[in-house]
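> Below you'll find the structure I mean.
Each reported figure results from applying straightforward, stated rules to the coordinates on display, with no laboratory input. Since the structure is predicted, the reported quantities are computational estimates derived from the model, not experimental observations. FYI the Cβ positions are ideal-geometry reconstructions off the backbone, even for glycines, and counts take in every protein chain you see.
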């Protein structure tokens, strides 16, 4: 959440664990769309916000009138709920900022999920709810936080979470103020969630990994640094965040100007976790995952925005890195 939970949108490493037994009773809902349902831009769900709640200006979700309770929606495109399910354990939910109490299986018109209750790790005085569900290509996370012991607030947040209706249809985000073209490449537009767009091989899901995919993030709310060294440091920090979990080295950096906006391109080589593979002779060997990481950061001086483009190329690193650069070079701000 904005201040209570870790981001659940595009982590490079998923924490897997054994599935714990459900402690709560199954929850089966066949919610029907009503005039009270709200679809937040960039999400695949409609939800009935609690009375007095208002859309947040700093995250995708709602802030309640008590000034403490909040509801946030985040999604992972290209990651199925089946992959996420094994992380919903007493230990696994800690990565989402929640101290586990119990969980119940949930079904929304056949869409499977789980509702976890507990406390926010960042504050023992805060109760927390986490609803996770999805299909074979999208996982949805809805976080709720409220003052612990406030039964009315807990009920309001819980009822709101359980009011949701899921639609797997791709949605357009409010940040669609620029265009990119993947013409002439094997990378095609796959989906758009919030301010993030996904280009994947032949427009197919990436199977829960970031391999051979280009991710773009638009209109990041940052102060645009006029100083060259500050921009270099910003780009380096962004690459470190994107490549966290990998050992990498920078192979090239250059200044670029796309769509009239100046920026920096960085390409790195990396090694990931070793994979256990069987050779043609039948022997099992460890082979590290190697590839290239790609990044362009554009600094929009006029509007005070930062545009970030990231990609990881594994199976044919040079080819896909070239495609990332080709797509990114087509960047253009849409005309009003």
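> How large is the Rg to Rh ratio of region 96-141 when both quantities use alpha carbon positions and Rh follows Kirkwood? Let's see the in-between values first.
Working: Rg = 11.9 Å, Rh = 11.3 Å.
With Rh from the inverse mean 1/r over Cα pairs, Rg/Rh is 1.05.
> Now for a different question. Among 112, 103, 257, which comes first, then next, by fewest other beta-carbon atoms within 10 Å? Mind dumping the intermediate values first?
On the way: 112 15, 103 23, 257 11.
If I rank by nearby Cβ atoms, fewest first, I get 257, 112, 103.
> Given 0.36 nm per residue, what is the gain on full extension from residue 168 to residue 316 after removing their alpha carbon distance, in nm?
Value of the extension gain: 50.3 nm.
> Please list, in order, the residues from region 147-166 whose amide nitrogen is less than 15 Å from a point placed 7 Å along the Cα→Cβ vector of residue 124.
148-149
> Using 7 Å Cα-to-Cβ label points, what is the residue 150/residue 186 separation (nm, one decimal)?
5.3 nm
> Return the FRET efficiency for the residue pair residue 30, residue 102: r is the Cβ-Cβ distance, R0 is 30 Å, and the value is rounded to the nearest 0.05.
Result of the calculation: an efficiency of 0.80.
> If R₀ is 45 angstrom, what is the calculated FRET efficiency for the pair residue 68 and residue 256, using the beta carbon separation as r and rounding to 0.05? Before the final figure, lay out each step's value.
Values: r = 44 Å, r/R0 = 0.98.
Calculated value: 0.55.
> Bin by bin, in steps of 5 Å, what percent of the Cα pairs in region 27-166 do you find, going until the bin that has the longest distance?
Using 5 Å bins, I get a P(r) of 2, 11, 21, 24, 23, 14, 5, 0 for region 27-166.
> Distance from the Cα centre of region 287-312 to that of region 99-156, in angstrom?
32 Å
> If I take R0 = 25 Å and measure r between the Cβ atoms of residue 334 and residue 241 in this structure, what FRET efficiency does the formula 1/(1 + (r/R0)^6) give, to the nearest 0.05? Don't jump to the answer; show the numbers that get you there.
Working: r = 27 Å, r/R0 = 1.10.
In this case the efficiency is close to 0.35.
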